[in-house]
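Working notes, structure below.
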Amino acid sequence: MTQKHADCTTNIKTRFLICSDTHGIDCLPGLIPSTKQHADVAIHCGDLTTQSQLHEYKASIRLLQSINAPLKLVIAGNHDFTMDIPVFHNKVAEAQPIERELIEQAYGYDGQARKLFTDSGIIFLDEGVHSFHLQNGALLTVYASPYTPSLGDWGFQYHPDDGHDFLIDDSSGKSSVDVVITHGPPKGIMDYTNSGERGGSVHLFRALARTRPRPRMHCFGHIHEGWGAKLITWRDETTPTPSHLTDIDNGRSFSIAKLSDIKDTPGQSLGEDGPPLKCFSTSHCSGDTNPLKWGLQTLFVNAAIEPSPQSRDDPKDYLPMQLHWVVDLELRSLKSRTDSEVDEWGK
């Protein structure tokens, strides 16, 4: 299969603020709530909580409310298991006998946590393709999925041998996905764990490689030590069984930042003297040094905020918190959309 360059109009500069794995904190490190700090879209890639308790969800809502963005999109992570109703019911059954009232005080009733976000004007995304008309005049289409491979029994997990269908291509074929939002990474991209193993999903990578056109950006978290961003260039031909070893043109791909960049420059801006970093930012619009070639390239962002548990045991590697990402990309204008593309913004 040969990759073709996408030919749709892409002329609306759009700013994304991206975070993941905040685990119940109520503000982003370095973020000063201000009308001057504006993003068009805020994205949280899951693990809003540690124990999936109501007070943690409420803290996450306060965090998201501190961000100045007209559209805020959230998915669940494996720690947010009350959002996965069958898993939550299993955990309650395993913990019996416990009074139902005590469970609801800590975890809420079915659907209560989700309702907290909806009532706060924050869009909680189920797995699938969703489209939004942005206030800046752009059309944004995203694919969302909370699922990660695991041998455990937390929320939204599947056995690696069973696989999972990441249906990134809109089944109707009428809407191209701009941004993929998943909790975990694809295998081979910013997914090394502290044990030296790759924790990403091979099924997710294959789905990305086969999608046409390839998404502009894929953001995720889950592997805390994989924090960073990388601009990937795809090879012209897609192999029958896509892999990061065969389908990425490494000679034309490059890392934008990785965790060691923060550790190597404590208390100063990346690569220069200055005040401590408040976030990491990157822009890939027309006129930038590395404008993104839609369909040929994908920007991957691991935005995990909480550091990995292992790093806390080693003072030289410890960071109190990792930094969120601010990303500028160009999207299609509403004028270039097709009549079949869906407007969920304002529903």
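Since every read-out is calculated from the coordinates, none of them should be taken as a lab result. All values derive from a computational prediction rather than experimental measurement. Note that each Cβ is placed from the backbone with ideal geometry, even for glycine, and that neighbours are counted across all protein chains shown.
So the values come out like this:
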quantity: Extension gain (nm, one decimal) between residue 261 and residue 150, 0.36 nm per residue minus Cα-Cα; calculated: 37.0 nm
quantity: Protection proxy ranking of 234-240, 91-97 - average other beta-carbon atoms within 10 Å, highest first; calculated: 234-240, 91-97
quantity: Kirkwood-based shape ratio for segment 102-194, expressed as Rg/Rh from alpha carbons; calculated: 1.03
quantity: For 192, 57, 143, 107, order by how many other beta-carbon atoms lie within 10 Å, fewest first; calculated: 192, 107, 57, 143
quantity: Linear extension gain, residue 158 paired with residue 92, 0.36 nm per residue minus alpha-carbon span; calculated: 21.8 nm
quantity: Value of relative contact order over segment 8-120, rounded to a whole percent, pairs C-alpha under 8 Å and six or more apart; calculated: 27
quantity: Positive minus negative residues near residue 241 (Lys, Arg vs Asp, Glu; Cβ under 15 Å); calculated: +2
quantity: Neighbour-count ranking [beta-carbon atoms within 10 angstrom, fewest first] of 292, 204, 134, 102; calculated: 102, 134, 292, 204
quantity: Label point distance in nm, residue 245-residue 165, each placed 7 Å from Cα along Cα→Cβ; calculated: 2.9
quantity: Net charge of Cβ neighbours under 13 Å - reference residue 25; Lys, Arg +1; Asp, Glu -1; calculated: -3
quantity: Other-chain or far-sequence residues with amide H under 5 Å of residue 71's (modelled H); calculated: 42
quantity: Subset of 13/293; 91/187; 58/278; 72/115; 230/258 violating a 18 Å alpha-carbon distance limit; calculated: 91/187; 58/278
quantity: Taking 335, 13 and counting other C-beta atoms within 10 Å, the order from fewest to most; calculated: 335, 13
quantity: Rel. contact order, % - alpha carbon contacts under 8 angstrom, at least six apart, segment 12-336; calculated: 20
quantity: Potential lengthening between residue 55 and residue 212 on full extension [0.36 nm per residue; Cα-Cα distance subtracted]; calculated: 52.4 nm
quantity: From phi via Karplus (6.51, -1.76, 1.60), per-residue ³J(HN,Hα) for segment 63-77 in Hz, x at Gly/Pro; calculated: 4, 5, 5, 6, 8, 8, 8, x, 10, 10, 10, 9, 10, 8, x
quantity: Where labels lie 7 Å past Cα in the beta-carbon direction, separation of residue 193 and residue 110 in nm; calculated: 3.2
quantity: For segment 114-121, 3J(HN,Hα) per residue [Karplus equation, 6.51 cos²θ - 1.76 cosθ + 1.60, θ = phi - 60°, Hz, x = Gly/Pro]; calculated: 4, 4, 4, 5, 4, 5, 9, x
quantity: Rounded to whole Hz, the Karplus (6.51, -1.76, 1.60) HN-Hα couplings of segment 243-250, x for glycine and proline; calculated: 8, 5, 7, 10, 10, 9, 8, 5
